[in-house]
């Protein structure tokens with residue numbers, strides 16, 4: 001029961017943080033820290049969904065990861081984040097690792113359904 005409460009509390013925290021960063025990015029899209037913060041919260045949402053271990057939650061996680069990755073790649077390729085290049089690279093690495101988790105689950109489910 002305690003774990004469920006913590007899980008719900010973490011979702012609420014991620015939601016509030018995401019809303020904050022989304023507003024900051026909308027107001028000041030050129031601020032790299034805001035874009036990184038938004039991508040980081042999206043990656044956290046993805047991990048939250050991956051912990052659900054359902055087909056639907058894995059699909060939601062994949063969507064969050066894709067959104068965060070696209071923003072980070074755009075940020076990296078625009079050269080606006082050269083001072084934060086290490087942070088961008090680390091977050092992209094984490095996102096790619098979580099994409100592999102979601103992909104392996106999808107493949108396992110497909111394999112299990114054929115058996």
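Quick look at the values:
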item	result
114, 80 arranged by Cβ crowding within 10 Å, fewest neighbours leading	114, 80
Inverse of mean 1/r across different Cα pairs in region 1-112, Kirkwood, Å	14.7 Å
Simple spin-label estimate for residue 78 and residue 104 in nanometres, 7 Å along Cα-Cβ	3.4 nm
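Each reported figure results from applying straightforward, stated rules to the coordinates on display, with no laboratory input. Remember, it's a predicted structure, so these values are computed and weren't measured experimentally. Heads up, the Cβs are rebuilt from the backbone with ideal geometry, glycines too, and the neighbour counts pull from every protein chain shown.
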